[in-house]
Amino acid sequence: MKIPQIEKLSKPLIEKVAIIGAGLGGLAVAVALRKLGYDVQVYEKAQDFRPVGGGLGLMPNGLNCLNAIEPEIVKNIRNSGCEVNTSILKNTQGETIRTNPATRYQDKYGQPLVTIWWWHLQQVLVSQLPDDVIHLNHRCIDFKQDDSGVEIYFDAAQKVNADLLIGADGINSAIREVLIADGKPRYLGSMSWRAVIQSNQDILKPGELGFVRGNKEFMYLLNVADGYISWLYRRLSSDCELSQNVDLVKSRVLYQLADWGESLRSLVEATPAEQILEGPICDRLPLNFWSQGRVALLGDAAHPMAPALGQGANSAFEDAYELALCFSEASSIQEALANYEQRRIPRTQLIQTRSALGEMRYYETDNEAAARQMQEQSQMSSEEFQNWLLNYKPYE
Ligand SMILES: Cc1cc2nc3c(=O)[nH]c(=O)nc-3n(C[C@H](O)[C@H](O)[C@H](O)COP(=O)(O)OP(=O)(O)OC[C@H]3O[C@@H](n4cnc5c(N)ncnc54)[C@H](O)[C@@H]3O)c2cc1C
């Protein structure tokens, strides 16, 4: 069954929507709500759009939702990213141990697995919006709401008014801080380093996705089109201290890879130090509500999750689609947001929990123990869970 498309409404429920954050979730919901006919404005703290981020994997559940928002988005993603047809497991010397076909995604779930540079994906979404909809250099610091609307405040710009405020401002969301005030994210015990580089080495062939398993450490290798490769290195670490400067970041990674093979080390050696992003892996515990009055959370602001299942962006696209659908069906803001929470919270709670457990599994020596633990937690086998996750149908 195909999920329903987002279509223009004859009479939108409200007029003005303010979205905080021009990340993946904020941009996707902006496109969806504009298609319904709402006046949408997006406020982003960054001063410009730059080639940042690493590579990420887009999965059928996220792509199907984007397709229902606007089919051209998925067409452009398929042109800007790489379809994965084989996943390969390597050892730390760079030798291939096993290969698995990844083509069944398209057959089973209606969309392929696509790897893409975060920045290219952001550009695909930005290109769906008129220039005057996105307001850069707008860091939101607070909001106040009453029965008639929301007033939104910025650190260096005039306040704005809206009928609805969507906090799509990521894991350290300012909107969540005002709405819920649940403190800082939870550190999950491992650090991450990632970058995108131009590579003419044949460590990864077109259509391949690489996973290198080490001892309490691993690396993903993603093709992100146009001859660029994204490497992502992760390692268990009891503390989450950041390096003092970019040169120390790079030497830290190279030191940790000291006994890895040259083909893998050379990817890091070839990466300019200032392009390596270092950060702790964090999430937050699931919430029981994401909205109050005229304010709602979306994406990482609502349900930040460990990256183990690669669902951060994909579940944000589900949110964007569902929120728009709720606003096309309900007769009041309260009804729309209550439906949004009811449809999204149980599903994302399970994804958050499984993602946190999946994080432990990366470093487990006994994979079966971790798999059993997962099964006990959710009463679903790995295959059942994958079908439930990737074969997402909002109405079921
Ligand atoms: C620069 C960047 C690079 C990333 N790279 C990767 C990657 O390589 N791989 C991966 O798997 N995930 C990456 N992520 C995370 C991934 O995008 C999210 O997990 C997922 O897509 C959910 O998106 P989101 O829109 O909820 O949050 P995010 O994508 O984090 O977007 C939040 C947006 O809100 C803006 N913002 C934050 N606070 C404020 C404020 N107070 N006022 C105004 N704007 C604000 C941020 O600048 C950002 O643009 C990256 C996120 C960012 C911001």
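For K205, go through the aspartates and glutamates and keep the ones whose alpha-carbon is under 18 Å away, minus same-chain ones fewer than eight residues off.
Hits, sequence-local ones excluded: E83, E95, D226, E262.
What do you get for GluC sites (Glu not before Pro) in segment 219-314 restricted to DSSP loop and a cutoff of at most 12 other Cβ within 10 Å of the site's Cβ? Working shown, then result.
Values: sites: E241, E262, E269, E274, E278; in loops: E241.
Taking segment 219-314 and a limit of 12 other Cβ atoms within 10 Å, the loop GluC sites (Glu not before Pro) found are E241.
Roughly how many Å² is the accessible area per residue of the chain, as a whole number, for a 1.4 Å probe? Don't jump to the answer; show the numbers that get you there.
Working: 17650 Å² over 396 residues.
Computed with neighbouring chains in place, this is 45 Å² per residue.
From the phi angles alone, apply the Karplus equation (6.51, -1.76, 1.60; θ = phi - 60°) to segment 294-311 and give each ³J(HN,Hα) in whole Hz, x where the residue is Gly or Pro.
Result, ordered by residue: 10, 10, 9, 9, 8, x, 4, 5, 8, 8, x, 9, 4, x, 3, 9, x, 10 Hz.
On a straight-distance basis, which lysines could pair with K108 in a cross-link, Cα separation under 21 angstrom, same-chain partners fewer than 8 positions away excluded?
K108 reaches K2, K75, K393.
In segment 150-198, which trypsin sites (Lys or Arg not before Pro) are in a loop and have at most 12 other Cβ atoms within 10 Å, using DSSP for the loop call? If you can, show how the numbers build up before the last one.
Details: sites: K159, R176, R186, R194; in loops: K159.
Loop-located and lightly packed - K159.
Using a Förster radius of 45 Å, what is the FRET efficiency between A46 and A258 based on their Cβ-Cβ separation? Nearest 0.05, please. Please list the in-between numbers first.
Numbers: r = 36 Å, r/R0 = 0.79.
Calculated value: 0.80.
Using only Cα positions of segment 1-46, each an equal point scatterer, no hydration layer, compute I(q)/I(0) via Debye at q = 0.21 Å⁻¹ and quote the log10 values to two decimals.
Taken in order of the listed q values, log10 I(q)/I(0) reads -0.71.
Testing the spin-label approximation: label points 7 Å from Cα along Cα→Cβ at N215 and T103. State their distance in nm.
Simple spin-label model gives 3.9 nm for this pair.
Run through the DSSP bridge list for the chain and note the antiparallel percent, rounded to the nearest 5. All intermediate terms of the calculation are to be shown ahead of the outcome.
Numbers: 49 of 68 bridges.
About 70 percent, rounded to the nearest 5.
Restricting things to alpha carbons, find the Rg to Rh ratio for the chain using the Kirkwood radius for Rh.
Values: Rg = 20.8 Å, Rh = 21.7 Å.
Rg/Rh for the chain comes to 0.96.
To two decimal places, what compactness ratio does segment 95-224 give when its Cα radius of gyration is scaled by 2.2 N^0.38 Å? Display every interim value, and only then the final one.
On the way: Rg = 21.2 Å, N = 130, 2.2 N^0.38 = 14.0 Å.
Normalised Rg, Cα atoms only: 1.52.
Could you look at segment 1-146 and say what percent of its accessible area is carbon and sulfur, using a 1.4 Å probe and all protein chains? Could the numbers behind the result be given before it?
On the way: 3140 of 6680 Å².
After summing per-atom areas, the C and S share lands at 47 percent.
May I ask for the longest run of the chain untouched by chymotrypsin sites (Phe, Trp or Tyr not before Pro) that are loop-located per DSSP and have at most 16 neighbouring C-beta atoms (other than their own) within 10 Å?
Working: sites that count: F49, F289, Y395.
For chymotrypsin sites (Phe, Trp or Tyr not before Pro) (loop position, at most 16 other Cβ atoms within 10 Å), the longest site-free span of the chain is 50-288.
Given points 7 Å out from each Cα along the Cα-Cβ axis, report the E72 to T86 separation in nanometres with one decimal.
Simple spin-label model gives 3.6 nm for this pair.
Which lysines, on any chain, are close to K45 with Cα under 22 Å apart, when same-chain ones fewer than 8 places away are left out?
List returned: K16, K144, K159, K184.
The values are calculated or read from the model by the stated rules, or taken from the named source; none is laboratory data. The structure presented is a predicted model; accordingly, all values stated were derived computationally and were not measured. Ideal geometry is used to build each Cβ from the backbone, glycine not excepted, and the neighbour counts take in all protein chains shown. Heads up: the accessible areas ignore ligands, DNA and RNA and are worked out on the full protein's heavy atoms, side chains in. Shrake-Rupley method; radii C 1.70, N 1.55, O 1.52, S 1.80 Å.
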